[in-house]
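One structure is given here, and the rest of the page talks about it.
The values are calculated or read from the model by the stated rules, or taken from the named source; none is laboratory data. Keep in mind it's a predicted model, so treat the numbers as computed, not measured. Cβ sites come from the backbone with ideal geometry, for glycine too, and all protein chains shown count toward neighbours. The protein model used for the area step is the full one, side chains on, heavy atoms only, and it has no ligands, DNA or RNA in it. Shrake-Rupley method; radii C 1.70, N 1.55, O 1.52, S 1.80 Å.
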Amino acid sequence: MRFNVFSDLERLAPYIPLFFRLVDPDRWYRRVEQLDAEQKSSPYLWKIVSDYHWLEMALSHQADVLAKERRLLPERVDQLALVALQFAGAMVEINARLPEDAQRQLEGRLRDGLKAESGFAALYLEVGLALRLMAEGYEVRFPDLECSANYDIEFSRNGFVGEVECKSLSADAGRHIHRKDFYRFIQALSPQLEAHADLERQEILVITLKKRLPSNISKQAELRRATAGMLEANAPSSMRRAGFRIERRDYNECLGAAPCNDERAFCRFCEDAFGPNSHIAGGLTETGGCFVVMRCEREDDTSKPWLDAMRKAASQFSGHRPSFIAVQFQDITAADLMLPHLRRRAGILSYALFGHYGADHVNATYVCGFAAVVDKGGQLGTPAFAIPNPKPRFPIDPGQAAPFLVHISDADFAAAIGAPLPQPNISYIPFP
């Protein structure tokens, strides 16, 4: 199949009700009402919804605008809203071109995505990559939906055929403290944090766990009680239990120099102060307040789930033609794709896949971010970088699989996403 999903709002508007019909309108609105209630209940739950479910909320907002105004309004459509509309349009167009059995498969995946903790992230990756391939002149099929193969996308042009498997990784993969669990933990402490602000003390509560933070609320009971107690007026300076310790510290001594007007810079400052795997939330008034920092004595290992996902993907291909693995992360921005440590880790893991684990039928791995969208000259793009296999089983010309193998310079990539080039030659990763 091959089709265009345009950026013109007049053409995109009719897709909204058609997409809702695919998902089931009643299910859609029940889920969105639940998410809306959560995001309005506290800034911590708002953070969860904005990170994981922005696509659902953006589409629902545009549906409301369309119902009231009978058209979509350009001033109410930002970059994420536009890619959400294009996602909905692509889903409708793909469904219309699938055989009946595959249509049922797609409807099932849409309904699963509606109730999933990670929302539509996995489908978003597949659809976004398919749109990119079609825009560059490839015919696209979805073998997994059609139950004809185990990989997600087959793309072809001028006699060339390639295979793609998509893996969307949660921001929490390999982490001992999951962001959602942490924010829900802080939400439960909201009454105590509000009362603490009246004590006219500016403090930091540092919680250090021996093991992971349980997702099960009942298993957090002792930690929640202890933390609430440490926010009281007569609380001790520290507390130690079998599975954790809690310390009260003066805010100005620890974070007085932190740049409070820049969220990302503030988080980096906190990571320097408390460790790279720490989480922080809370707030201060002019006279009082408290930030809660949570960290774990065990180091996170986000490389293992990344490598495991790629090894699983490699096993899903036919093994008879060039293949490509697309990996999407939910917690990186477009600018993060320029980070040297991310590029290096992608290279190390990809080379391990190609060489040590024998996946020489994989011609390249491809790395992108959920909600990592840029606008260049009025055209929206979803930037990514790729790690080519230097010794593939099926050597091909880069132009045959252009989105994965055609090289652009680091400087051009930085200019395209509007980010500074952190250092020269960040793409150079020597093959061992």
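Annotations for the structure displayed:
- Unit Cα scatterers, Debye sum, the range 219-323: log10 I(q)/I(0) for q = 0.11, 0.13, 0.24 Å⁻¹: -0.53, -0.65, -1.40
- Computing FRET efficiency as 1/(1 + (r/R0)^6) for SER237 and ASP308, where r is the C-beta to C-beta distance and R0 is 45 Å, gives about 0.60.
- Taking only protein heavy atoms and a 1.4 Å probe, the accessible area of the chain is 48% carbon and sulfur.
- Rg and Dmax of the range 145-191, Cα atoms only, in Å: 20.1, 64
- For a paramagnetic label modelled on LEU284 (point 7 Å from Cα along Cα→Cβ), amide N atoms under 12 Å away belong, within the range 224-263, to 250-261.
- Acute angle (nearest 10 degrees) that the helix 79-97 long axis makes with the longest principal axis of the chain, alpha-carbon atoms: 40 degrees
- With all protein chains kept in place, the per residue accessible area of the chain amounts to 47 square angstrom at a probe of 1.4 angstrom.
- Dipole in debye (nearest 20) - the chain, about Cα centre, beta carbon charges: Lys, Arg +1; Asp, Glu -1: 1000 debye
- Long-range Cα-Cα pairs in the range 281-432 (distance over 23 Å), rounded percent: 45 percent
- For the range 269-278, the Karplus equation 6.51 cos²θ - 1.76 cosθ + 1.60, evaluated at θ = phi - 60°, returns couplings of 4, 5, 5, 5, 7, 10, x, x, 9, 8 Hz by residue, with Gly and Pro reported as x.
- Taking the longest Cα principal axis of the chain as reference, the axis of helix 100-115 is set at about 10 degrees.
- Couplings 3J(HN,Hα) for the range 189-203, derived from phi with the Karplus relation 6.51 cos²θ - 1.76 cosθ + 1.60 (θ = phi - 60°), are 8, 3, x, 5, 5, 5, 5, 4, 4, 6, 6, 6, 10, 9, 9 Hz, where x marks Gly and Pro.
- DSSP bridge analysis restricted to the chain gives an antiparallel fraction near 60%, rounded to the nearest 5.
- Helix 25-41 axis versus longest C-alpha principal axis of the chain: approximately 30°, rounded to the nearest ten.
- Here the range 56-209 was treated as a single set of alpha-carbon atoms; its pair distances binned every 10 Å from 0 give 9, 27, 26, 20, 12, 6, 1, 0 percent.
- Database remark: amide H of CYS296 closer than 5 angstrom to the amide H of LEU209 (H placed geometrically; neighbours at sequence offset of 5 or more, or on other chains; Pro and chain starts carry no H).
- Paramagnetic reach from MET1 in the range 140-158 [backbone N under 19 Å; point 7 Å along Cα→Cβ]: 140-157
- Members of LYS167/LYS304; LYS210/LYS304; LYS40/LYS180; LYS115/LYS180; LYS304/LYS391; LYS167/LYS312 lying beyond 18 Å, as alpha-carbon distances in this model show: LYS210/LYS304; LYS304/LYS391
- Space enclosed by the convex hull of the alpha-carbon atoms of the range 28-115, per residue, Å³: 110 Å³
- Dimensions in Å of the chain - Rg and Dmax from alpha carbons: 23.5, 75
- GNM result for the chain, Cα springs below 10 Å: residue of ASP308, ASP26, ASP331 fluctuating most strongly: ASP26
- The charge dipole of the range 141-280, taken about its Cα centre with unit charges on the Cβ atoms of Lys, Arg (+1), Asp and Glu (-1) only, comes to about 640 debye.
- Distance between the range 351-428 and the range 233-284 - C-alpha centres, whole angstrom: 37 Å
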